[in-house]
Amino acid sequence: MQSGAAMKSGESIRLNYREYERWKYEKFVRFVNNMLLLRDRVDLNIFQLHFDSHHVVNCDDVRTWIGYAVKNNVKVLDVNLHRYDKTVLPRCIFTCRSLEELNLKMGKAPYKDYEHEGLVLPDIIIRLPSLKKLTLCDVEVDTFSLERIIARSPGLEDLHLINSAQHLELVESKVLKRLTIDGFLGRDEGLTIAAPYLIHFKCTGLPLQELTWRERPSLESAHIFASLSRSSFDGGLDFTGILLHAKSLALFGSGIKVMLEKELPTCSLFESLVTLAIGEWCLTDDLYVVLRFLQLSPSLEKLTLKHRMLNRATEGAEAKPISITGMTFQCPLLETVTIQCSKDDGEIQKTVDALVAIGISLEKIHVTFYEDIQKNLAERKRARQEGKTGRSILEERLKRRQDWVDDSHGISDSDSDGNEMEETLGYEYDHDDYF
């Protein structure tokens, strides 16, 4: 049970150790085991287990609880740990026929494993016939392992690889609708995506020159951060072609800037584009890409510009900005222009003045600082954690009877991860499920 979150109709269990950290870990384990003992034997909708980075966790307990969830036909499994103690992920997860959504963030490979950087998928025939959404963080996923997952998960529509792509060369699926590749554990030159029905794409850490599309999709939204690689962008990719029908775009980095400077002059209209976020380069003297996007986006309502100060020492030799003299645009629906920058940026007023000079009303322009954005995000996260109310009846019942939680069923500190508990919970610990 997540603190403040009820066990909905007895079908969901949300456990966030942050809400119990005033307890000793052993007491928390007894509490969880007793809660599982009292639970009705009905299929699980959601099983969520979260530990913050500073929490110490016994992974034998984690394996027992995951096994319980699998045994009870869990649909959504969400596990977030700082560090798992094995290199290979629990096997039982990847043969769970009831799973519809799987989110695994269990840390990198153990410290003493010098062969692997991330955790490793089990060497079994993966069977996830009900899986629709998969999110893996710090898990080594190469072309072969991804092919196995897609082949054995015929309904997989959402795939999110966070710092997990390892020498990934091909993503191919006729079903995939949403794809995230955010960071790489290791890569060769070149990634091909063959997903014709993709509607959302997010990618960071890959130069655009190394991204190839086969069976090109028509995206509804995209979030791409691309820096320049050693080889220059020579054009000819028609990258903007997959973005033409998007409603929302977030395009950042020097690689994006160079690509757009080459492709936007002959690009068609972005007729559906409503929200655009763009930048991560110095905008003060280089607004061509922004202005050209405005010319091509008659339906645009919200524009966000991410400004980065130019480092004169290291970036002084950048190509001369494209002139915007004489350029005009028509964006009758444009409501707001938000400029994000650092507080110590002394030249941001020049950017504001330049936008006003090209026809954007000063009343529509708002400047926000990266420092304030980070502070607000942290405050909202803290408020979400502190403001949760409405605990489940079962949780309140157990918390009011803490002495009973400590002593019931004769569970001692020494047997919280033993076979007796596993058998009582209805889950038999199988060595082959984990190693």
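The values are calculated or read from the model by the stated rules, or taken from the named source; none is laboratory data. In this text the structure is predicted, and so the values were computed from the model without any measurement. Every residue, glycine as well, gets a Cβ built from its backbone with ideal geometry; the counts of neighbours run over all protein chains shown. SASA here: full protein model, heavy atoms, side chains in, ligands and nucleic acids out. Shrake-Rupley method; radii C 1.70, N 1.55, O 1.52, S 1.80 Å.
The trypsin sites (Lys or Arg not before Pro) found in segment 153-196 that occupy coil by DSSP, while having at most 15 further C-beta atoms within 10 Å, are 174. Taking square-rooted eigenvalues a ≥ b ≥ c of the alpha carbon gyration tensor, is segment 102-249 rounded, prolate or oblate, where a/c under 1.5 means rounded and, failing that, a/b exceeding b/c means prolate? Verdict is oblate for segment 102-249. A cut-off of 5 Å between modelled amide H atoms, ignoring neighbours fewer than 5 places along the same chain, links residue 109 with 118, 119. For segment 76-229, averaging the sequence separation of C-alpha pairs within contact (under 8 Å, six or more residues apart) and dividing by the residue count gives a relative contact order of 15 percent. Within the shell of other residues whose beta carbon sits under 12 angstrom from the beta carbon of residue 21, the net charge comes to +2, with Lys and Arg scored +1 and Asp and Glu -1. Within the accessible surface of segment 237-372, defined with a 1.4 Å probe on protein heavy atoms only, the carbon and sulfur portion equals 52 percent. Placing +1 on the Cβ of every Lys and Arg and -1 on the Cβ of every Asp and Glu, with nothing else charged, gives segment 128-276 a dipole about its Cα centre of roughly 400 debye. Roughly how many percent of the accessible protein surface of segment 73-125 is carbon and sulfur, given a 1.4 Å probe and a whole-percent answer? That share works out to 48 percent. Based on protein heavy atoms only, segment 106-185 ends up with 44 Å² per residue of surface accessible to a 1.4 Å probe. Let me make sure I get this right: for segment 97-184, a, b and c are the square roots of the gyration tensor eigenvalues over alpha carbons, sorted descending. Under 1.5 in a/c it's rounded, otherwise prolate if a/b > b/c, else oblate. Which is it? Judged from the Cα gyration tensor, segment 97-184 comes out prolate (a/c at least 1.5, a/b above b/c). What does the net charge come to around residue 176 if you take all other residues with beta carbon closer than 9 Å to its beta carbon, with K and R at +1 and D and E at -1? Once positives and negatives cancel, what remains is 0.
Taking 0.36 nm per residue of separation and subtracting the current Cα-Cα distance, fully stretching the chain between residue 218 and residue 41 would add 59.2 nm. For segment 163-209, the list of GluC sites (Glu not before Pro) that fall in a loop by DSSP and count at most 12 other C-beta atoms within 10 angstrom reads 189.
Work out the FRET efficiency for residue 274 and residue 95 from their Cβ-Cβ distance, taking R0 = 30 Å, and round it to the nearest 0.05. That gives a FRET efficiency of 0.10. You can think of it this way: the chain between residue 333 and residue 158 has 59.8 nm of extra reach, that is 0.36 nm per residue less the Cα-Cα gap. Full extension of the segment from residue 115 to residue 55, taken as 0.36 nm per residue of separation minus the current Cα-Cα distance, would add 19.0 nm.
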